[in-house]
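What follows is a single structure, written as structure tokens, with notes after it.
The values are calculated or read from the model by the stated rules, or taken from the named source; none is laboratory data. Bear in mind the structure is a predicted one, so any value in this text is a computation, not a measurement. Reconstructed Cβ throughout: ideal geometry from the backbone, glycine too, with neighbour counts over all protein chains shown. Please note that ligands, DNA and RNA were not included when accessible areas were found on the heavy atoms of the full protein model with its side chains. Shrake-Rupley method; radii C 1.70, N 1.55, O 1.52, S 1.80 Å.
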Amino acid sequence: RLLGFDTSYRTHWDDADLASSALATAYEPIHETEIGVWPVFVYDRKEAQLSAATIPFENGLNIAGVDVLPETLSPAGLLSVRLDWQGDASTLAGDEKVTIQLLGADGIVVAQVDRALTPEQFSRSSNAPEAYGMLLPEQLTVGEHQLIVALYVPTAGGTRRILTKSGEDAATIWQDRR
């Protein structure tokens, strides 16, 4: 389901950006990395099989669907996470961020991706879920893992979490119990 695309030689063979434009019809970039000196974008299909979720936050936003692939974690692999954000974008102050964290059995963060939560994510005409790509470490341990999502506001003294309506500072969206 994932597709890697090296963009380093684009000026030599794709000045008009035809390859990225063609991919954009069915895929979207979820992660950018470098392999050696080459920038590589990883794309995932836009269509997702969302599992229904109800994760309401105190600021009125809600996660209504979740998709996490692959189902089995692999060292140095890529985790594709899609969240269906719903709610009134006018409640955003402008500095909110979403963090998705993979925790080990000991509760320690193994991998993490943070990104701004913007009003545009709520006004997309396609109403597609927001895609996040998380690169997994090469030394990923075998065992129980859980994936959590949280909203926060960066402040001068650290961060301030936006709680869920049940009072939690994060919500579990996936678990691997092998």
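Take Ser20 and decide whether it is modelled with pLDDT under 85 and in a helix (DSSP H, G or I). Answer is yes for this residue.
Being more than 17 Å from the chain's Cα centre (by Cα), outside any loop (DSSP other than H, G, I, E, B) and closer than 22 Å to Thr159 by Cβ is a property that does not hold for Pro39. Residues that are farther than 16 Å from Arg115 by Cβ, open to solvent by less than 20 Å² (accessible area, probe 1.4 Å) and in a strand (DSSP E or B) within segment 69-84 are absent altogether. For segment 106-125, taking the residues that are of a type in the set (Val, Ile, Thr) and either open to solvent by 40 Å² or more (accessible area, probe 1.4 Å) or at pLDDT below 90 (or both), the one that is nearest to Ala93 (Cα to Cα) is identified as Thr118. Within segment 49-68, track down each residue that is open to solvent by 30 Å² or more (accessible area, probe 1.4 Å) and not in a strand (DSSP E or B). Within segment 49-68, Gln49, Leu50, Glu58, Asn59, Gly60 qualify. Checking each residue of segment 85-101 against the condition of being closer than 16 Å to Leu140 by Cα and open to solvent by 10 Å² or more (accessible area, probe 1.4 Å) gives at least one match.
Please verify whether segment 158-168 includes one or more residues that are modelled with pLDDT of 95 or more and either in contact with a helix residue (DSSP H, G or I) (Cβ under 6 Å, 6 or more places away or on another chain) or among the basic types (Lys, Arg) (or both). Among the residues of segment 158-168, at least one is modelled with pLDDT of 95 or more and either in contact with a helix residue (DSSP H, G or I) (Cβ under 6 Å, 6 or more places away or on another chain) or among the basic types (Lys, Arg) (or both), which makes the answer yes. When segment 126-152 is filtered for residues that are open to solvent by 20 Å² or more (accessible area, probe 1.4 Å) and at positive phi, only Asn127 remains. It is to be established whether one or more residues within segment 164-176 are touching a Leu at 6+ places or on another chain (Cβ under 8 Å), touching a residue at least 60 places away in the same chain (Cβ under 8 Å), charged (D, E, K, R) and surrounded by 15 or more Cβ atoms within 10 Å (Cβ to Cβ). Yes, segment 164-176 has at least one match.
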